[in-house]
Amino acid sequence: MKKTLRDIDVNGKKVIVRCDFNVPLDEAGHITDDTRIVGAMPTVEYLMNHGAAVILLSHLGRPKGEANPKYSLKPVADALTKRLGTEVWFKSVASVVDEEVKREAASLKAGAIMLLENTRFRKEETANDAEFSKELASLADIFVNDAFGSAHRAHASTAGIASYIPAVSGFLIEKEVKFLGGALDDPARPFVAILGGAKVADKIKVIENLLAKADTLLIGGGMTYTFLKSKGYEIGKSILDADSVDLAVSLLKKAEEKGVELLLPVDVKAGRDFDNDTESAYYDSDAIPADWMAMDIGPKTEALFADKIRAAGTILWNGPMGVFEMPNFAAGTRAVAEAMAEAKGTSIIGGGDSAAAVEQFGLADRMSHVSTGGGASLEFIEGKTLPGIAVLEDKS
Ligand code: ADP
Ligand code: MG
């Protein structure tokens, strides 16, 4: 277990917090979705209310180690000022830290707050450079990492900085570790994992790790057809990961050896072409016509999966069941999301597109946890140690 904000005394301290303010901006530089800013509030407000002087850090986009006004955090500073009702000090400094920033940090009072410029304006950020890490650490007494979406990267502001000052997790990372870590380490059983998405190859390590932990694995989405192919089925024009067919065979075998129940779709919704308005029909999985393309799971599979989800103690879902971006092929993904929303077990969504699907259906609030990190949650579910979490202090 990692230490969190609650485990330390922040009163009278300067606390530097790595947030995930990598928000989407429109052409005019306006923030089009402030979910990440809202998400940072519990940690920021806790610190302000507990007598800390708060220095915020984040990256935004990919300025590739150069100052670029297009990727300035100025709009974030403005949004924070508005939301907090108190001035968030900000100056667009190409070097992120300069003499004025140092003076401002040194004189920052308890309850006051400042935001530094985009850490990726410095090439040393992604290089996890020691000097830059030290420079950031020198501004504060304590480091708080609350940027789960960047925790799979060992950068100066996510990992390097923790070599120089005490480091703990913020509330966002705490929640991610509680749910994702809880599911993997000590799940309420039965533990049902649902996997979908486009390609088997992207999810091999995820499947392997879950084969060691889950009681039941439900496979849907594009990766289905590589598995069906490996069983000798006709899959028509459905998406095939030809290089992974042998792997699919060995994964099916592994599941059997380990006594993990692995269920593939028993029926699909297929179309003539990869198009929302194409002619469509339902087929059993062993009867997909040669010139059709399966783009969603079918109603029998929806019912089968929903039964497993209802009976689960823990449900972990990564990857859509079909081409949910097309309304005519979104029903399977929606059915899984609805079953999870109604389930009594702990329901956890990890993965960029799965989270987007759940948001789109308006069901996010009814899940126990929707992970905020696409790549980071995938690596977490793969069983990897995330550098931005590894550097945090352990609870004694
Ligand atoms: P996540 O981001 O949740 O980890 P992925 O990125 O692996 O999920 O996969 C999401 C993509 O998989 C979606 O864009 C979806 O359209 C695609 N997909 C799902 N099912 C199919 C299918 N049957 N055929 C083609 N693409 C599919
Ligand atoms: Mg994705």
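Observations
- Estimated Rh, segment 83-143: Kirkwood, alpha-carbon pairs, angstrom: 12.5 Å
- Near the amide H of Leu25, within less than 5 Å, lie the amide hydrogens of Thr32, all on another chain or at least 5 residues away, with H placed in the peptide plane.
- Annotation: amide H-H contacts under 5 Å for Leu262 (H modelled 1.01 Å from N, sequence separation of 5 or more, or interchain): Leu217.
- Taking other residues whose beta carbon is less than 11 angstrom from the beta carbon of Gly181, and scoring Lys, Arg as +1 and Asp, Glu as -1, yields -1.
- About the Cα centre, charge dipole magnitude for segment 177-382 (Lys/Arg +1, Asp/Glu -1 at Cβ), debye: 560 debye
- Residue-by-residue Karplus 3J(HN,Hα) for segment 179-186, coefficients 6.51, -1.76, 1.60, Hz, glycine and proline x: 7, 5, x, x, 5, 7, 8, 8
- In nm, spacing of pseudo-spin labels at Lys344 and Glu66 (7 Å Cα→C-beta vector): 6.0 nm
- Neighbour cut-off at most 16 other Cβ (10 Å), DSSP loop, GluC sites (Glu not before Pro), segment 80-166: Glu87
- Put simply, the amide H of Asn118, placed in the peptide plane, has neighbours under 5 Å in Leu73, leaving out anything fewer than 5 places away on its chain.
- From phi via Karplus (6.51, -1.76, 1.60), per-residue ³J(HN,Hα) for segment 190-201 in Hz, x at Gly/Pro: x, 9, 9, 10, 10, 10, x, x, 7, 10, 4, 4
- Low-density loop cleavage sites - trypsin sites (Lys or Arg not before Pro) in segment 68-153, where at most 14 other Cβ are within 10 Å (DSSP): Lys91, Lys109
- Electrostatic tally near Gly221: other residues with Cβ closer than 14 Å to its Cβ, Lys and Arg +1, Asp and Glu -1, net -2.
- Sparsely packed trypsin sites (Lys or Arg not before Pro) within segment 350-396, loop by DSSP, other Cβ within 10 Å at most 12: Lys395
- Anisotropy class of segment 5-169 from Cα gyration tensor, a/c 1.5 cut: rounded
- Derived scalar couplings ³J(HN,Hα) [segment 117-122; Karplus, 6.51 cos²θ - 1.76 cosθ + 1.60; whole Hz; x for Gly, Pro]: 5, 2, 4, 7, 6, 10
- From largest to smallest, the equivalent ellipsoid semi-axes obtained for the chain from the alpha-carbon gyration tensor read 43, 22, 18 Å.
- Cα-based shape type of segment 167-294, given that a ≥ b ≥ c are square roots of the gyration tensor eigenvalues and the cut on a/c is 1.5: prolate
- Beta bridge orientation in the chain: antiparallel %, DSSP, nearest 5: 25 percent
- Each listed q (0.14 Å⁻¹) maps to a log10 I(q)/I(0) for segment 177-382, found by the Debye formula over equal Cα scatterers with no solvent: -0.73.
- Most mobile listed residue (Ile235, Ile309, Ile297) in the chain, GNM with C-alpha springs under 10 Å: Ile235
- A simple count of charges around Ile349, restricted to other residues whose Cβ falls under 14 Å of its Cβ and scoring Lys, Arg +1 and Asp, Glu -1, yields -2.
Read-outs: derived from the displayed coordinates by stated rules, not from any lab. What you are looking at is a predicted structure, and each value in this text was computed from that prediction instead of being measured. Cβ: placed from backbone, ideal geometry, glycine included. Neighbour counts: every protein chain shown.
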